[in-house]
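Following: one structure in structure tokens, then a few remarks.
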Ligand code: GRG
């Protein structure tokens, strides 16, 4: 299947499932579901759940639990965007092509909606009817660590600390790997865990995920300063406005692109050592790094 069709079809599958997971039912706290649906259902490339589903397929895992885990990861990603947009964080007014959640529902509701999506993600995995307990525990541990103190939250803390000082490339790399890379890597590993990977295969996917996760964020740094509007000089990127150290501020656009490309090749090398049909994951990695979707 053409990769563009794969991306579109799989994103649709994820959205359909997400739509069923957050109820529209009337309760005294319906506002919670309304705000969750506002952030979760409209927009978003669904890259992380697509990675989970593609890896699960390659490792011959069943579709049903894979879709549940994929949706759980998208909920955690969406929660991170909601909280990151708050005035106490990055203070962004727009997200996924529309006003940020707190602009529409208020800051308190945005905090609670993020909390709901994070906790509901784990509820979904715990309550799944298809996975055995061993798999559930492995997935919950992986995702919790990657979203928390061994990943995204640790990265966000380092990111905040870096706002008041200048940092070198190694420190920036670490922030990117934790803040953005860890959940991307977890999306890949989760798909494999749903099947029956060997320790060697997991190790190679771990290296692949590290490279792709970092490359994704480097490319994001580049896009942040090269998007069309910015090129016309109409505004500063939010990273520039916040005087943040980025790959581009340290290496420039061309070297940053080269660094992302080198990571892509390293990632593909790790992938090529797994004797399974991983052609879709290979193509997805290309889309992620070259932002061709
Ligand atoms: C929990 C407050 C808090 C923060 C965690 C990951 C993170 C730190 C914040 C998210 C904000 C952000 C801009 C992170 C950089 C990573 C990134 C490019 C996110 C956007 O991911 P995409 O491009 O977004 O996959 P869509 O909307 O397509 O899902």
Item to check | Alpha carbon centroid spacing (whole Å) that separates region 158-213 from region 69-114 | outcome: 22
Checklist entry - What residue among 67, 194, 31 has the largest mean-square fluctuation in a Gaussian network model of the chain, using Cα springs under 10 Å? => result 31
Checklist entry - For residue 198 and residue 26, what is the calculated FRET efficiency with R₀ set at 35 Å and r taken between the beta-carbons, to the nearest 0.05? => result 0.10
Item to check | Alpha-carbon gyration tensor eigenvalues x 5, square-rooted, for the chain, Å | outcome: 28, 26, 17
Checklist entry - Per the helix-only calculation at 222 nm, which mean residue ellipticity applies to the chain, given -39500 (n - 2.57) for every DSSP H run of n ≥ 4 and division by its residues, nearest 500 deg cm²/dmol? => result -23000 deg cm²/dmol
Checklist outcome for this item: Simple spin-label estimate for residue 124/residue 149, 7 Å along Cα→Cβ, in nm, reads 2.6
Checklist entry - In nanometres, what is the gap between the two model label sites at residue 93 and residue 282, each 7 Å from Cα along Cα-to-Cβ? => result 4.6
Next on the checklist: Between 83, 243, 270, where does the largest GNM mean-square fluctuation fall for the chain, given springs only between Cα atoms within less than 10 Å?
Outcome noted: 243
Item to check | Prolate/oblate/rounded label for region 88-145 (Cα gyration tensor, a/c 1.5) | outcome: prolate
Next on the checklist: Which three numbers, in whole Å and largest first, are the semi-axes of the equivalent ellipsoid of region 1-95 derived from its Cα gyration tensor as √(5λ)?
Outcome noted: 26, 17, 12
Checklist entry - Which residue, 65, 99, 197, has the most motion in a Gaussian network model of the chain that connects Cα atoms within less than 10 Å? => result 99
Item to check | Long-range Cα-Cα pairs in region 44-86 (distance over 11 Å), rounded percent | outcome: 62
Checklist entry - Taking only the alpha-carbon positions of region 67-172 and ignoring solvent, what does the Debye formula give for the base-10 log of I(q)/I(0) at q = 0.23 Å⁻¹? => result -1.19
Next on the checklist: With every atom except the alpha carbons ignored, what do you get for Rg and Dmax of region 114-155, in angstroms?
Outcome noted: 11.0, 33
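Every read-out reported here was derived from the displayed coordinates using simple, explicitly stated rules and does not represent laboratory data. No experiment lies behind these values; they were computed from the predicted model shown. Glycine gets a Cβ as well: all are built from the backbone with ideal geometry, and neighbour counts include every protein chain shown.
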